[in-house]
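Reading through the structure tokens given below for one structure.
All of the numbers you see were taken from the coordinates with simple rules; none came from a lab. These numbers come from a predicted model, not from an experiment. Every residue, glycine among them, receives a Cβ derived from its backbone with ideal geometry; neighbour counts consider all protein chains shown.
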Amino acid sequence: MKSATEMEVQFAVCVNNEGYPASLEVGKLYRIIPDDEAASHGHLRVIDESGEDYGYPSDRFFPIKVPPALKKVLQVAL
């Protein structure tokens, strides 16, 4: 198993915040936290507006690949 520093950091854009307007912003980039159990239930774990990580239905997000230079900046910023 990879350590936290070896795991690839992934991001997704919120495309639907219905029912979670205080926790998610449509169009905002969120850092994905790998969670196999959440994925098995159709959820994606992200760090939301509270600053904590929570699972949300994965259809609320669009996973994206970011260029390496941007990823490096985002890892520090998020």
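Observations, loosely collected:
- Only helices enter this figure: runs of n ≥ 4 DSSP H residues, each worth -39500 (n - 2.57), summed and divided by the residues of the chain, yield -5000 deg cm²/dmol at 222 nm to the nearest 500.
- Counting only Cβ charges, +1 for Lys and Arg and -1 for Asp and Glu, the dipole size of region 10-77 around its Cα centre is about 460 debye.
- In order along region 19-34, the Karplus-derived 3J(HN,Hα) couplings, from 6.51 cos²θ - 1.76 cosθ + 1.60 at θ = phi - 60°, round to x, 9, x, 7, 9, 10, 10, 4, x, 8, 7, 10, 7, 8, 9, x Hz, and Gly and Pro are given as x.
- Helix 68-77 and the longest principal axis of the C-alpha atoms of the chain enclose an angle of approximately 70°.
- Radius of gyration and maximum dimension Dmax of region 10-77, Cα, Å: 11.6, 34
- Each Cα pair under 8 Å and six or more residues apart adds its separation to the average, and for the chain the resulting relative contact order is 30 percent.
- Cross-link partners of LYS72 among aspartates and glutamates (Cα-Cα below 13 Å; sequence separation of 8 or more within a chain): GLU8
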